[in-house]
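Reviewing the structure listed below.
We did not get these values from a lab; they are worked out from the coordinates using the rules stated. Just so you know, these numbers come straight off a predicted model, no measurement behind them. Cβ atoms come from the backbone with ideal geometry, glycine included; neighbour counts cover every protein chain shown.
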Amino acid sequence: MRGLGVLRRADGVVLCLLLLVYSAHADNFKVEVPVEPVSAHVGSSVLLPCRISTGASAVGMEVRWVKNGNETVHVYVSGADLESRQSLGFKGRTHLDKEALGAGNVSLQLNDVRVSDEGSYQCYVVSESWFTDSTMKLKVSAVGSSPRFTVAGRLDSDVTLQCDSEGWFPKPELQWRNVKGADLTGRAVLTEKPGADGLFTLQSALQISEQEATEITCLIRHGEEKRVLETRVHIDGEFFTLVSPSWKGLSVFLIVCTIAFIVLIAAGVYKYKNLRGMDHDLQQVPLLKLFYFISTESKGFVLKSEWKQIQSQTVAVTLDPDTAHCHLIVSEDGKRVSNDCNEKNVPNTEWRFDFYPFVLGREGFTSGRRYWEVEVGKRDNWKLGVASESAKRKGHFDLSPKEGYWVLQLMCGHDLSALTDPETPLKVLPPLKVGVHLDYEEGRLSFYRVEDRGVIYTFLGKFSGKLFPLFYPGEEGEELVILNKQDQSEKSDSSKAEPNSIPV
């Protein structure tokens, strides 16, 4: 028994010695990661640094990255990436530099950063004789759009201004200030809308009186460094004269009388057409068509100060005949296009549309803010928007942002819609002239009714690659006209006298 006890004590000593040797060996191999959090912007790529302290080669080892202790980000084993073991949210977005592994660099590149990527990341390295790991943190942020003003409503002689901004993370702070710098935020109503992508949209409404008709500022403060984006608007006293109590009462009376008159005549026309056995069609009865337009919903109007800023970003756009469908006729100056539905003998190049009767602009945009105007007139159908350089041009395909097309269309003379997936019907008055404003960095494509600065629709998303203006003139044979800067300047000046404009 005594001999057996001696043997057991000897085995324990050996085991202790082996553990000490292993610990000493493992202490020489550590993985080094940053102490401070690594920062990244949404949509960008970021490198998560991790390196073996001794510089030993990791080519034949196992490298594993894990998020928050339970989500597998990337697995590498003896020369191969095991994508099947990745969590679904990280598939196709990670990269381990195989050449750097030879020097003990096991840093991981994470592409297309998302809000959900924020958190703690563990870097594990396993060899045949040792194992070690370290933890680092990733902080994600997104800078949203500049604040935008719209007139949200009126009450007696007061007006409600609305300030919108989207695409923020983490949630920023929105403030209102007057010309003296006084904080008006306490009077405002704020709505915060987190999207499916985790980015925040802010919408704040502030009611001001005629006595406060002055410079109003909406500003956004974001991040620990308190980055500030702001937009200012000057409210002229002349705006409030349009909504003064005396004029408002008279205006309401006239509007009610006008609508009642239109309804009576529309009913009479309808009864008359039924008696004659004629087809009831909005296109054949202008008064019914007018009544339909009056009953549609407005999407808001752009203030004059913001409108001038948008129009100051006007660029010269010309049509590229090499992209035009064989049914289209493009003018020599590249400013007009029509569709005569007759096939022409033109080269069928890879750039030319062969199914949709489209034509693109010569000028492509990869950055900045660009604006152009198109005269569509009273035609029954048209399409306007932008297309990415890499989007399909041959055969039939979906016209949607996921296919590289951001398009607004008119059908049947009154059905406006945005070609999203699914399509978005728009209950707004069809324009005679369309303003198109592209903000590449903010991922915004907005359409406006130039006659009264009305907002038609805005696409929101993320752009990549070169974008080209897109045009479809319809099938009436009438020309679609791209207005030059002189035309737009004259229109801007003449709009001051238009009764439907909103002088703010």
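Points to keep in mind about this one:
- Electrostatic bookkeeping for residue 90 treats Lys and Arg as +1 and Asp and Glu as -1; over the other residues with beta carbon under 12 Å from its beta carbon, the sum is 0.
- Between amide H atoms placed 1.01 Å from N, distances below 5 Å from residue 382 occur with 410, all of them 5 or more places distant or on a separate chain.
- Applying 1/(1 + (r/R0)^6) with r as the Cβ-Cβ distance of residue 160 and residue 82 and R0 = 60 angstrom yields a FRET efficiency of 0.60.
- According to the calculation over all Cα-Cα pairs in region 406-486, the P(r) per 10 Å bin from zero is 15, 49, 32, 4 %.
- Shape class for region 393-436: prolate, because the ratio a/c of the largest to smallest gyration tensor axis (alpha-carbon atoms, square roots of eigenvalues) is 1.5 or more and a/b beats b/c.
- Gain upon complete extension [residue 183, residue 41; 0.36 nm per residue less C-alpha separation]: 48.1 nm
- Pairwise label distance in nanometres, residue 327 with residue 103, each label 7 Å out on the Cα-Cβ vector: 6.0 nm
- Computed from backbone phi with θ = phi - 60° and the Karplus coefficients 6.51, -1.76 and 1.60, the 3J(HN,Hα) list for region 392-408 is 5, 10, 9, x, 8, 7, 6, 8, 8, x, 5, 9, x, 10, 10, 10, 10 Hz; x is used for glycine and proline.
- Rounded to whole Hz, the Karplus (6.51, -1.76, 1.60) HN-Hα couplings of region 337-342, x for glycine and proline: 8, 9, 10, 9, 6, 10
- Tensor-based shape of region 98-179 (alpha-carbon gyration tensor, a/c under 1.5 rounded, otherwise prolate or oblate): prolate
- Distance between modelled label sites at residue 32 and residue 111, nm, 7 Å Cα→Cβ extension: 2.9 nm
- For region 348-402, the square roots of the Cα gyration tensor eigenvalues, ordered a ≥ b ≥ c, give a/c of at least 1.5 with a/b no greater than b/c, which places it in the oblate category.
- Pair residue 421, residue 192: separation of 7 Å Cα→Cβ label points (nm): 3.2 nm
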